[in-house]
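Engineer: Sharing a structure, written as structure tokens. Questions coming.
The values are calculated or read from the model by the stated rules, or taken from the named source; none is laboratory data. Here the structure is a predicted model, which is why all the values come from computation and not from measurement. Note that each Cβ is placed from the backbone with ideal geometry, even for glycine, and that neighbours are counted across all protein chains shown. What goes into the accessible areas is simple: the full protein's heavy atoms, side chains included, and nothing from ligands, DNA or RNA. Shrake-Rupley method; radii C 1.70, N 1.55, O 1.52, S 1.80 Å.
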Amino acid sequence: MATVTSTRPYHIIIFGASGFTGQFVVEEVARSAFEGPSGSLKWALAGRSRHRLEGVLNQAAETLRKPELRTEVEIIVADVSQADSLAIMCQQGLVVLNCVGPYRFYGEPVVKACIENGAHCVDICGEPQFLERMQLEYHSRAMDSGVYVIGSCGFDSIPADMGILYTKNQFKGTLTAVESFLTIHTGPEGGCAHDGTWQSAIYGFADSGSLRKLRKKFGHQPLPVVGATVKKRYWGSLFFSKEIDQYAIPFMGSDPSVVRRSQRFLYEGHQELPVQYSAYVGVGGVWSLIKMFCGGLLFWFLGKFGLGKKLLITFPEFFSFGVFTKAGPSRKQMEGTSFSLTFFGEGYAEGLDPSQGRPNARICTQIHGAEPGYVATPVAMVQAAITVLNEPQFLPIKGGVYSPGAAFARTTLIDRLNRHGLVFSVKRF
């Protein structure tokens, strides 16, 4: 297996650059090029179609008013179904930003090629089954090659994972439990997401049984519960949250899975006490609640059989009540959208034994940022890659397959995110 070497022509290669999310990652890399090693970043685009990639470069050049992108950024033709093309791509870069999903279908060949050809791999996957399977099957191989494979480096799940670490660092004492509440704010133009995320959710729901079987293969012992055990706050799957003044449901994305992996790594590798974590998302008022209930019922029923899945995939806008569309959000919609992720933590003040009595100290922190899917996600992904390039000495000692919190706990990633609009702050409780 090849190992990572600094003599490669590119610091970063964006694979899948012509996809819906990939085009925004291209723009973010262009904005951040001065942050590379020694103040510059050498980068390239990669994908199946040279013509489409040239179109992305032209669009980025116009949007950013950087005409030099058309001539300075090179293009690599690579196809996830052609292993030789992936190998050639990976041999040319230090870090591959993989934007090709759904990852359960297209992610593994890229991980394999990166490990075999000595390129670090950063993705924006929000699919727990893929993320955990890559850890199970490729962690040892990545360690041997000195390659870092770091998944879920977008909105799923850098805010949640790094937010837990930030809250823990700000807490004066022993933090034992955190609940997070996600709120999405849209402007008069409304908001939506591209149907690629919708497809990942459909396939993940249909194959949820495989995830339970996969987790048994790790043979993990349960993490110790520090302090008082936190009970779930909701009855069934819905409750009214006084904290965010709206109805909320458990967050069904990858955040809980990713945070658990990070907490396990920090506990087993660094003897840091694990934090109990629950994630929720606000669903708004009564009308939003009705739409969510109807959409959820259709999703649950149709996702159980082949024809139903086909209908969900073919008509995302209809079955999601406009939340997901094949066109994705317009730039105007993105400009009017933002998110806040609020963390409510509890624990024990300095000098107190967590095994004695109830928690006696609390903290509230928040991450606020721009539109999560196609503004915050590219920022998080690109800053994760730049951190890998600039701070290798603060990553885990060896390569491997890691969650963001495990990989970046000792780095300045949070500071970098703050400078790029993902603002971490301590709020009054």
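Engineer: Would you mind finding the one in Tyr247, Tyr166 that is open to solvent by 30 Å² or more (accessible area, probe 1.4 Å), over 30 Å from Val323 (Cα atoms) and either in a loop (DSSP other than H, G, I, E, B) or touching a strand residue (DSSP E or B) at 6+ places or on another chain (Cβ under 9 Å) (or both)?
Structural biologist: Sole residue among the options that is open to solvent by 30 Å² or more (accessible area, probe 1.4 Å), over 30 Å from Val323 (Cα atoms) and either in a loop (DSSP other than H, G, I, E, B) or touching a strand residue (DSSP E or B) at 6+ places or on another chain (Cβ under 9 Å) (or both): Tyr166.
Engineer: Right, something else. Against the definition (crowded, with 20+ Cβ neighbours inside 10 Å and in contact with a helix residue (DSSP H, G or I) (Cβ under 8 Å, 6 or more places away or on another chain)), how does Ala376 come out, yes or no?
Structural biologist: yes
Engineer: If you don't mind, there's one more thing I want to ask. Would a scan of region 101-117 turn up a residue that is among the aliphatic types (A, V, I, L, M), in a loop (DSSP other than H, G, I, E, B) and buried (at least 20 other Cβ atoms within 10 Å of the Cβ)? Break it down stepwise before answering.
Structural biologist: To start, the set of residues in region 101-117 that are among the aliphatic types (A, V, I, L, M) comprises 110-111, 113, 115.
Of the ones still in play, those that are also in a loop (DSSP other than H, G, I, E, B) are none.
Looking through region 101-117, none of the residues is among the aliphatic types (A, V, I, L, M), in a loop (DSSP other than H, G, I, E, B) and buried (at least 20 other Cβ atoms within 10 Å of the Cβ).
Engineer: Among the residues that make up region 330-348, is at least one of them among the β-branched types (Val, Ile, Thr) and either within 25 Å of Ala160 (Cα to Cα) or touching a Ser or Thr at 6+ places or on another chain (Cβ under 8 Å) (or both)?
Structural biologist: Checked against the condition, which is being among the β-branched types (Val, Ile, Thr) and either within 25 Å of Ala160 (Cα to Cα) or touching a Ser or Thr at 6+ places or on another chain (Cβ under 8 Å) (or both), region 330-348 yields at least one hit.
So that you can scan it fast, the table gives a plain yes or no per residue for (1) surrounded by 20 or more Cβ atoms within 10 Å (Cβ to Cβ); (2) in contact with a strand residue (DSSP E or B) (Cβ under 7 Å, 6 or more places away or on another chain); (3) acidic (Asp, Glu):
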{"site": "His11", "(1), (2), (3)": "yes, yes, no"}
{"site": "Glu27", "(1), (2), (3)": "yes, no, yes"}
{"site": "Lys42", "(1), (2), (3)": "no, yes, no"}
{"site": "Arg50", "(1), (2), (3)": "no, yes, no"}
{"site": "Val56", "(1), (2), (3)": "yes, yes, no"}
{"site": "Pro67", "(1), (2), (3)": "no, no, no"}
{"site": "Glu72", "(1), (2), (3)": "no, no, yes"}
{"site": "Asp84", "(1), (2), (3)": "no, no, yes"}
{"site": "Asn98", "(1), (2), (3)": "yes, yes, no"}
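Engineer: Report whether or not Gly187 is of a type outside the set (Ser, Thr, Tyr), at pLDDT below 95 and more than 20 Å from the chain's Cα centre (by Cα).
Structural biologist: Judged against the criteria, Gly187 is a match.
Engineer: Mind checking which strands (runs of 3 or more DSSP E) fall wholly inside region 300-412 and carry at least 3 residues that are over 17 Å from the mean Cα position of the chain (by Cα)?
Structural biologist: Working: elements: 338-349, 361-370, 400-402.
Passing ranges, in order: 338-349, 361-370.
Engineer: Could I ask something else about it? Restricting to region 190-230, name every residue that is of a type outside the set (Phe, Trp, Tyr), at pLDDT below 80 and either open to solvent by 40 Å² or more (accessible area, probe 1.4 Å) or in a loop (DSSP other than H, G, I, E, B) (or both). First the steps, then the outcome.
Structural biologist: Within region 190-230, the first condition is being of a type outside the set (Phe, Trp, Tyr), and the residues that meet it are 190-197, 199-202, 204, 206-217, 219-230.
Subsequent filtering for residues that are at pLDDT below 80 retains 204, 206-209.
Correct list: Ala206, Asp207, Ser208.
Engineer: On to the next question. Conditions: (1) without any contact (Cβ under 8 Å) to a residue 40 or more places away in the chain; (2) open to solvent by less than 50 Å² (accessible area, probe 1.4 Å); (3) under 30 Å from Val230 (Cα atoms). Arg260 meets all but one. Number of the miss?
Structural biologist: Failed condition: (2).
Engineer: Quick one: would you say Glu391 is touching a Pro at 6+ places or on another chain (Cβ under 9 Å) and among the acidic types (Asp, Glu)?
Structural biologist: no
Engineer: Would you be able to tell me the number of residues in region 29-40 that are of a type outside the set (Asp, Glu), open to solvent by less than 60 Å² (accessible area, probe 1.4 Å) and either within 23 Å of Gly101 (Cα to Cα) or out of contact with any strand residue (DSSP E or B) (no Cβ under 8 Å at 6 or more places or on another chain) (or both)?
Structural biologist: Residues meeting the conditions: 5.
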